[in-house]
Amino acid sequence: MRQKDQDEVIIHNDTLDLSIDELKGRQSVRATFRLPKQAIELLSVIASQLGIKQKSLFDQLVENISVLGRIAQEARNFAPGETERQQKTFVISRNSLVALDYIARQQGIPRDVLVEFSIRRLLPVIESELQKHEKRKILLKEMQDYLRQGQKILKRAADLIGKDEQLYQIIEQQVTLGERNAAMISSMIEKGRAMEEW
């Protein structure tokens, strides 16, 4: 085999081969933490709002060792107060659990505190989503006003030219499309109501 062909094989192997450790690192495991109720709810609400699984969100928050190290520095002087904590079992990747255990041991802080501070990183996300949610409610109200006007025009068209007229049918299609879109916006807003209670 020529040298160039050998190099191509090596490059090919470097990018496509997977190790057993990499595959096992993606395995799902169960891990239990004692966290404030607000942290548990925050993770749940954001996962639901963004339409992603809690496992995926949790893994994104904790699997990066360098980010966890910085979070641990912030959490170093934190002393959990009287906040009521409850046990919560999460399904996470083995890599995430290994990263949490490693940084908690290395930095000498409880793993639960590390998880809590990682989840706190979602606070700006929920604030941003709440602002969008409030704007969606305003736009839905305006959309509903627009629809009422469209329905009046549709009724007026029926009275003036009749329902068999092509113009009536065009207006009816427009109103029907608006109703469908308003229902979709309403559904988005309903989904976001959990954030209001958080």
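The values are calculated or read from the model by the stated rules, or taken from the named source; none is laboratory data. This structure is a prediction, so every number in the text was calculated from the model and none was measured. Backbone-built Cβ (ideal geometry, glycine too); neighbour counts: all protein chains shown.
Looking at 155, 191, can you tell me which residue is part of a helix (DSSP H, G or I), under 30 Å from residue 31 (Cβ atoms) and outside the structural domain of residue 36 (by TED's automatic domain parsing)?
Values: 155 fails: under 30 Å from residue 31 (Cβ atoms).
Every option except 191 fails the conditions.
If I filter the range 141-162 for residues that are among the hydrophobic types (A, V, I, L, M, F, W, C), under 28 Å from the mean Cα position of the chain (by Cα) and closer than 21 Å to residue 48 by Cβ, do I get at least one hit? First the steps, then the outcome.
Within the range 141-162, the first condition is being among the hydrophobic types (A, V, I, L, M, F, W, C), and the residues that meet it are 143, 147, 153-154, 157-158, 160-161.
Next, from what is left, pick out any that are under 28 Å from the mean Cα position of the chain (by Cα): 143.
Subset that is closer than 21 Å to residue 48 by Cβ: none.
Looking for residues that are among the hydrophobic types (A, V, I, L, M, F, W, C), under 28 Å from the mean Cα position of the chain (by Cα) and closer than 21 Å to residue 48 by Cβ, one finds none in the range 141-162, hence no.
Taking only the range 68-91 into account, find how many residues are within 13 Å of residue 118 (Cα to Cα) and touching a residue at least 40 places away in the same chain (Cβ under 8 Å).
Total meeting the criteria: 5.
Here's the yes/no breakdown for (1) under 18 Å from residue 55 (Cα atoms); (2) in contact with a Phe, Trp or Tyr (Cβ under 6 Å, 6 or more places away or on another chain); (3) outside the structural domain of residue 42 (by TED's automatic domain parsing):
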residue	(1), (2), (3)
89	yes, no, no
97	yes, no, no
100	yes, no, no
103	no, no, no
107	no, no, no
110	no, no, no
134	no, no, yes
137	no, no, yes
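May I ask you to verify whether residue 84 is among the acidic types (Asp, Glu), assigned by TED's automatic domain parsing to the domain that holds residue 28 and either surrounded by 14 or more Cβ atoms within 10 Å (Cβ to Cβ) or in contact with a His (Cβ under 9 Å, 6 or more places away or on another chain) (or both)?
Values: among the acidic types (Asp, Glu): yes; assigned by TED's automatic domain parsing to the domain that holds residue 28: yes; either surrounded by 14 or more Cβ atoms within 10 Å (Cβ to Cβ) or in contact with a His (Cβ under 9 Å, 6 or more places away or on another chain) (or both): no.
So residue 84 fails the test.
So which of 19, 28 is modelled with pLDDT of 60 or more, within 19 Å of residue 99 (Cα to Cα) and exposed (fewer than 10 other Cβ atoms within 10 Å of the Cβ)?
Details: 28 fails: exposed (fewer than 10 other Cβ atoms within 10 Å of the Cβ).
From the options 19, 28, the qualifying one is 19.
Quick check on the range 72-122: of everything there that is among the acidic types (Asp, Glu) and outside any helix (DSSP H, G or I), which residue is nearest to residue 42 (Cα to Cα)? Spell out how you get there, then give the answer.
Taking the range 72-122 and keeping what is among the acidic types (Asp, Glu), we get 74, 82, 84, 101, 112, 116.
Retained after the next criterion (residues that are outside any helix (DSSP H, G or I)): 82, 84.
Working: 82: 19, 84: 15 Å.
Filtering first and then ranking leaves 84.
Of the residues 71, 92, only one is touching a strand residue (DSSP E or B) at 6+ places or on another chain (Cβ under 6 Å) and surrounded by 15 or more Cβ atoms within 10 Å (Cβ to Cβ); which?
Numbers: 71 fails: touching a strand residue (DSSP E or B) at 6+ places or on another chain (Cβ under 6 Å).
None of the other options fit; the residue is 92.
Quick check on the range 95-109. Is at least one of its residues aliphatic (A, V, I, L, M), at pLDDT below 90 and crowded, with 17+ Cβ neighbours inside 10 Å? Working first, answer last.
Filtering the range 95-109 down to residues aliphatic (A, V, I, L, M) leaves 97-100, 103-104, 109.
Filter once more, keeping what is at pLDDT below 90: none.
No; the residues of the range 95-109 include none that is aliphatic (A, V, I, L, M), at pLDDT below 90 and crowded, with 17+ Cβ neighbours inside 10 Å.
Does any residue in the range 52-66 that is at pLDDT 90 or above and crowded, with 20+ Cβ neighbours inside 10 Å come within less than 8 Å, Cβ to Cβ, of a residue that is among the basic types (Lys, Arg) and not in a helix (DSSP H, G or I) six or more places away or on a different chain, and which pairs are these?
61/121
Scan the range 115-154 for residues that are closer than 30 Å to residue 92 by Cα and either hydroxyl-bearing (Ser, Thr, Tyr) or touching a strand residue (DSSP E or B) at 6+ places or on another chain (Cβ under 9 Å) (or both) and report the count.
The qualifying residues number 5.
For the range 158-179, name all the residues that are assigned to a helix (DSSP H, G or I) and surrounded by fewer than 12 Cβ atoms within 10 Å (Cβ to Cβ).
159, 160, 166, 167, 170, 173, 177
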